[in-house]
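Beneath this line is the structure, given in structure tokens, with notes to follow.
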Amino acid sequence: NLKATLLLDTSSSMGYASNGWSKFDYGATLTASLAYLMLKQQDAVGLITFSEKIEKVIPPKAVHGYLFSILKELEGKKPEGRTRVGSVLQELAGSLKRRGLVILISDLLDDPGEVLKGLKQLRSRGSDVLVFHLLDRDELEFPFEEPSLFIDLEEDEKLLTDPKTIRSAYLKTLGTLLEEYRKSCAASLIDYALFDTSVGLDRALVRYLVWRE
């Protein structure tokens, strides 16, 4: 049977929500749903939550009642702290003793070079890796029209600007970033998928089930 570790980003940037349903809400619900599916399939599943460092480790087990331990941890979490996805992945790659499946659920708002380095280290040590990249629709489309105050949720920096003057550059930069993740993950046999958090969870769950088959 499969041994899976769900790796959930709980940093401040995951708290962004354009419609009341934050990236963290989406990610936590997805994590709980995946844990339920895995345990129903008699797979071992565990959870690691992190921001700038690993915060909580629940080792993988294939026990039905184990779901409550995972749900309790998720219920008590809130998005806070800085993002250090890359360094956490690299630390995890050095500490995993057995091969298995690692599912990263994050907005990946970190240095892509460091993130990809960590993902490749996990893969090179024999783990299968799935990446669920979560972004809010505002982040994907940048729909803002009026002069707006943009606030960095991690650094508490603020910028007042006219969105129309930066939209093109923003979307171009985002497109380049997403393409880098897609190509680099594909080259390393890492399953990468981007999800708009305004879309239902079913797409993400189907993605996992297809991979599991």
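Among bridges DSSP assigns within the chain, what percent are antiparallel (round to 5)?
Antiparallel bridges make up about 25 percent of those DSSP assigns within the chain.
Would you mind telling me the share, in percent, of accessible area of the chain contributed by carbon and sulfur at probe 1.4 angstrom?
On the way: 5500 of 10770 Å².
Summing carbon and sulfur atoms, their accessible area is 51 percent of the total for the chain.
Helix-only mean residue ellipticity at 222 nm, the chain, DSSP H runs n ≥ 4 weighted -39,500 (n - 2.57), per residue, nearest 500. What is it?
About -14000 deg cm²/dmol.
If I fit a long axis through the Cα atoms of helix 85-95 and take the longest principal axis of the Cα atoms of the chain, what angle between them do I get, 0 to 90°, rounded to 10?
The helix 85-95 is inclined about 20 degrees to the chain.
Using DSSP loop states and a limit of at most 16 other Cβ atoms within 10 Å to flag chymotrypsin sites (Phe, Trp or Tyr not before Pro), what is the longest stretch of the chain containing no flagged site?
Here the longest run is 22-143.
Can you tell me the accessible area per residue over the chain, all protein chains present, probe 1.4 angstrom, in square angstrom?
On the way: 10770 Å² over 213 residues.
Computed with neighbouring chains in place, this is 51 Å² per residue.
What does the charge count around Ile190 come to, taking other residues whose C-beta lies under 9 Å from its C-beta (Lys +1, Arg +1, Asp -1, Glu -1)?
After counting each charged neighbour, the total is 0.
Helix 163-187 against the longest principal axis of the chain: what's the angle in degrees, Cα atoms only, rounded to the nearest 10?
Its long axis makes an angle of about 20 degrees.
Past 32 Å, Cα to Cα: identify those pairs from Lys53/Lys172; Lys72/Lys172; Lys3/Lys172, in the order given.
Values: Lys53/Lys172 30 Å; Lys72/Lys172 40 Å; Lys3/Lys172 38 Å.
Lys72/Lys172; Lys3/Lys172, as the Cα separations exceed 32 Å there.
Relative to the longest principal Cα axis of the chain, at what angle does helix 66-75 sit, 0 to 90 degrees, rounded to 10?
In the chain, helix 66-75 runs at an angle near 20 degrees to the longest axis.
The values are calculated or read from the model by the stated rules, or taken from the named source; none is laboratory data. Quick caveat: nothing in here was measured; it's all calculated off a predicted structure. Please note: Cβ atoms are built from the backbone with ideal geometry, for glycine as well, and neighbour counts cover all protein chains shown. The area values use the complete protein model at the heavy-atom level, side chains included, leaving out ligands, DNA and RNA. Shrake-Rupley method; radii C 1.70, N 1.55, O 1.52, S 1.80 Å.
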